[in-house]
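These notes are about the structure you will find just below.
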Amino acid sequence: MTQPCTTDVLIAGGGPCGLMLANELGRRHIRCLLVDPRPGTAFNPQANATQARTMEHFRRLGFAQKIRSLGLPPDHPTDIAYLTRFAGTELARLRLPTAAAAPQAIRSMSGSWSAAELPHRISQKFVEVQLREHAQQLPSVDLRYGWRLTSFADTGQGIESVVQPVAEGAPVSVRAAYLVGADGARSFVRTRLGIAWQGATGFKRKFMGGKMLAVYLKAPDFYARNPNDRSWMYVVVNPQLRAFIMSVDGVSEFAFHIQMADDDATEALTEADARRLFSLAYGQDIEIEILSMAIWLAGHALVAESFQRGRVLLGGDAVHLFTPTGGLGYNTAVEDAVNLGWKLAHVIRGIAPATLLDSYEQERKPLALRNTGYARQFADSIGLFEAAADLEADSPEGAQARSVASDYLNGHVRREFNIPGVTFGGRYDGSPIIVADGTSPPPDAPNTYVPSACPGGRPPHAWLADGRSLYDTFHFEWTLLALGPDAPDTRAFGQAAQALGLDLRVVRQASAELATLYEAPLALMRPDQIVAWRGQDASQAHAVLAQATAQHRGPGTALCSSSP
């Protein structure tokens, strides 16, 4: 055993959750060591859609523009199309802005899509590279791919663990204040803790239920031989097979998935089988180069029974497993890290008590249950749809079948992919560190979002007169918005923040429209850009900030202010 090393946070897992957490901690100068047994970031495409809220967090960290420049070429359509075969008859389509058009398009959108960013269609493999590049530039972050966590123990005062190179090399003892298991669906950390899954699995559907074959491939002739308008994602619906494909680079690389039978023959599929299946889905023989292939299981809606045991916390796929409809798994994982990062930093710096970390599970577990439920709804919507036997027939009956399918699928594609309510509407109502004001949030609906500053949710967005997003004015830590031409005195918040050791900045916006939007002249933003409180004056500033950071003086002291 080599000389022990010491860090503040040991992160097991270098996927989106672990890397995002490393960025959140590193930006706050918290020492963290990340280990992952893989030689590097993902080779396979995996998740392929970055939702708008995740893009807003990348914007907060300063690299949303870089992320948007990657993946598909800037002028490549990001449409989702449903067809009888990839090169067959189109049944439905949702047209969406290209990467080049998105930044300007969002400025003219309002209502449900009042946001700083639109979604971006990009493979997780490209996102992970960017997250890694930014994290490794932070002096307090140590990233070690090719290293595995082999043991850990919570002493009550800290974590004693051992990490070891996957290849040759001596094990290293690591002492950390906290351990975060972001180590995937087969989490070593969760398993060692004995934390079980809750929810349901094994859903059987015509599509997105049971065994699926995934093939990462090159098909140089895919677009040239396809008579349909170019899309980012193509979904095959016919009585013979169900499949989908997503463009990885907009040129020749694709992620292909096809529903298979739950039998031993599926496990024995060869590359020749994969080529045959791809040609069937395409609608004609077409040459492909297989880069990788694997069997995976769809039909999960699982959430871990606990997200924390003592000084060990869990995030990402280690605590929630989705059927990937709606693209919610990776995006939920990113927000786990965003929620946890500032809380760990506050506790490690001694700004807040360790009980602040209790709010992580209290806030994120209900969101995991919500999001896995929405993903299950989307999977049912497409997976239980029955393709008529004569869907591809050149006959009046075939035409009628295609008309019926078109009506249904045009509705479905909007249910699954136009989801501002899912994206922006996640809330932390009931959290002990949210200062409720007696108002009710808007209804939670997947396809509509009503901007609201009701404490516990995402702050309403607006574009400012100078062209900036309101979010661009927020401080990286705590922000107090003072809104309207007659905003009240905020000095009490400055004094309370100083007394409590909080890094708070007052941002003044004289716009009466913003005061109307927030329904109050004062609104407190947490570091994760969640509304913690809103009110008419600063008279309860110390109590507000104390509750928002779990610095209560004792039981029964939680603040409940009057309605704004």
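The values are calculated or read from the model by the stated rules, or taken from the named source; none is laboratory data. Just so it is clear, the structure is predicted and the values come from calculations on it, not from any experiment. Heads up, the Cβs are rebuilt from the backbone with ideal geometry, glycines too, and the neighbour counts pull from every protein chain shown. Quick note on the areas: whole protein, heavy atoms, side chains included, nothing else; ligands and nucleic acids left out. Shrake-Rupley method; radii C 1.70, N 1.55, O 1.52, S 1.80 Å.
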Within the chain, how many Lys pairs that are eight or more residues apart, or on different chains, come under 23 Å at the alpha-carbon? 4
So what is the accessible area of region 1-88 per residue, in Å², with the probe set to 1.4 Å? 31 Å²
For region 313-376, the accessible surface attributable to carbon and sulfur atoms (probe 1.4 angstrom, ligands and nucleic acids excluded) amounts in percent to 53 percent
Which angle from 0 to 90°, rounded to the nearest 10, does the C-alpha axis of helix 52-61 make with the longest principal axis of the chain? 50 degrees
Output ordering of 103-113, 470-480 (per-residue mean of other Cβ within 10 Å, highest first) is 470-480, 103-113
Longest principal axis of the chain (C-alpha) makes with the long axis of helix 271-282 (C-alpha) an angle, in degrees to the nearest 10, of 90 degrees
Probe 1.4 Å, heavy atoms of protein chains only: per residue, the accessible area of region 337-471 in Å² is 37 Å²
How are the Cα pair distances of the chain distributed, in percent, across 10 Å bins from 0? 3, 17, 27, 25, 17, 8, 2, 0
Ordering of 268-278, 448-458 by burial proxy (mean other Cβ atoms within 10 Å per residue, highest first): 448-458, 268-278
Once neighbouring chains are kept in place and the probe is 1.4 Å, which whole percent of the accessible area of region 82-190 is contributed by carbon and sulfur? 49 percent
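For region 412-514, which whole percent of the accessible surface, found with a 1.4 angstrom probe, sits on carbon and sulfur atoms?
Within region 412-514, the accessible surface is 51 percent carbon and sulfur.
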On average, how much accessible surface per residue is there in region 106-197, in Å², for a 1.4 Å probe, leaving out ligands, DNA and RNA? 44 Å²
Nearest 10 degrees, 0 to 90: helix 396-417 Cα axis against the chain principal axis: 20 degrees
